[in-house]
Amino acid sequence: MTEPSVAPSGAVRQLRFERPPGAASILLVRHGETVPAREEAPFPLVDGHGDPELDPRGRGQAERLAERLAGSPNGEKVDAIYVTNLRRTAETAAPLAARLGIETVVEARLREVFLGEWEGGLYRIRVLENGPIAQRMLTEERWDVIPGAEPDDQFARRVREGIDHVASRHPGQTVAVFTHGGVIGRAMAQASGSRPFAFLGADNGSISHLVVVRGRWVIRSFNDTAHLEDS
């Protein structure tokens, strides 16, 4: 995406990546760590989705993210902040929004994948138990193996629509999108053409970077946690 530089001698240099004109830089930020899950006390639900609050560790991660992103990562200032309709993203974005004086915008299409009967925190417990459904989910790389979960093609479609919508509103700008691990994993898989779960496991408080131009998605980084390493 960068034009090579030709010296008078005819030698052609390799240059650093530059964002193409009109492209949007999308910083996909996974929310901070949430409170622990307990089977006897499920998380409250919003439109069927588990809606836990941040754990104190997660609030610390949110502060570290604010320090990092307010400092113009990669020389790019954050021009807009998006969250989902689940409070863990809004709570994680709040310190950055306060520092920059930016009002957050809700993009509900980038909420986490709906986990059906494993909502409310049960997903963590069932995966740890490693039963047949959990094993099949990981082998087939499909969330909709879980009873009642969101169809895989529907999830993929709304992730693409959500990111394309944000990018279309911010040509030539940098946007911090506070979202979820499943969404980040699917976005990276779509951008790279990889297996659906190849990028599963973005850390809480991590930053992954997409550049979007004319419907093309380019991965610049995945799971950047440099701002958390000494915490």
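The values are calculated or read from the model by the stated rules, or taken from the named source; none is laboratory data. Predicted model only: the values in this text are computed from it and were never measured. As a convention, Cβ positions derive from the backbone with ideal geometry for all residues, glycine included, and neighbour counts pool all protein chains shown. Surface accessibility is based on the protein's heavy atoms, side chains included, excluding ligands, DNA and RNA. Shrake-Rupley method; radii C 1.70, N 1.55, O 1.52, S 1.80 Å.
Quick notes on this one:
- With respect to being within 28 Å of residue 209 (Cβ to Cβ) and free of Cβ contacts under 8 Å to residues at least 40 places away in the same chain, residue 99 fits the description.
- Residues in region 198-231 that are closer than 15 Å to residue 33 by Cβ and part of a loop (DSSP other than H, G, I, E, B): 201, 202, 203, 204, 205, 206, 225, 231.
- Contact map, region 16-44: first residue open to solvent by less than 10 Å² (accessible area, probe 1.4 Å), second residue among the basic types (Lys, Arg) and assigned to a loop (DSSP other than H, G, I, E, B), Cβ cut-off under 9 Å, separation 6 or more or different chains; pairs are 23/214; 25/19.
- Inspection of region 207-222 identifies at least one residue that is touching a strand residue (DSSP E or B) at 6+ places or on another chain (Cβ under 6 Å), surrounded by fewer than 19 Cβ atoms within 10 Å (Cβ to Cβ) and small (Gly, Ala, Ser).
- In region 105-121, the residues that are surrounded by 17 or more Cβ atoms within 10 Å (Cβ to Cβ) reach residues that are of a type in the set (Asp, Glu) with C-beta atoms within less than 7 angstrom, at least six apart or across chains, in these pairs: 109/161; 113/150; 114/150.
- Within region 60-92, considering residues that are within 30 Å of residue 148 (Cα to Cα) and assigned to a helix (DSSP H, G or I), the one nearest to the chain's Cα centre (by Cα): 89
- Tally of residues being touching a strand residue (DSSP E or B) at 6+ places or on another chain (Cβ under 9 Å) and either surrounded by fewer than 22 Cβ atoms within 10 Å (Cβ to Cβ) or at pLDDT below 95 (or both) across region 70-93: 12
- Residue within region 113-133 that is at pLDDT 95 or above, among the small types (Gly, Ala, Ser) and under 15 Å from the mean Cα position of the chain (by Cα) present: no
- Checking each residue in region 122-149 for being open to solvent by 60 Å² or more (accessible area, probe 1.4 Å) and in a helix (DSSP H, G or I) picks out 124, 128, 129, 132, 133, 135, 136, 138, 139, 140.
- Residues that are surrounded by fewer than 17 Cβ atoms within 10 Å (Cβ to Cβ) and in a loop (DSSP other than H, G, I, E, B), drawn from region 159-197: 171, 172, 193, 194, 195
- Among residues of region 104-121, those that are in a loop (DSSP other than H, G, I, E, B) and either among the small types (Gly, Ala, Ser) or touching a Cys at 6+ places or on another chain (Cβ under 8 Å) (or both), counted: 2
- Residues (under 15 Å from residue 228 (Cβ atoms), out of contact with any helix residue (DSSP H, G or I) (no Cβ under 7 Å at 6 or more places or on another chain) and of a type outside the set (Lys, Arg)) located in region 33-57: 55, 56
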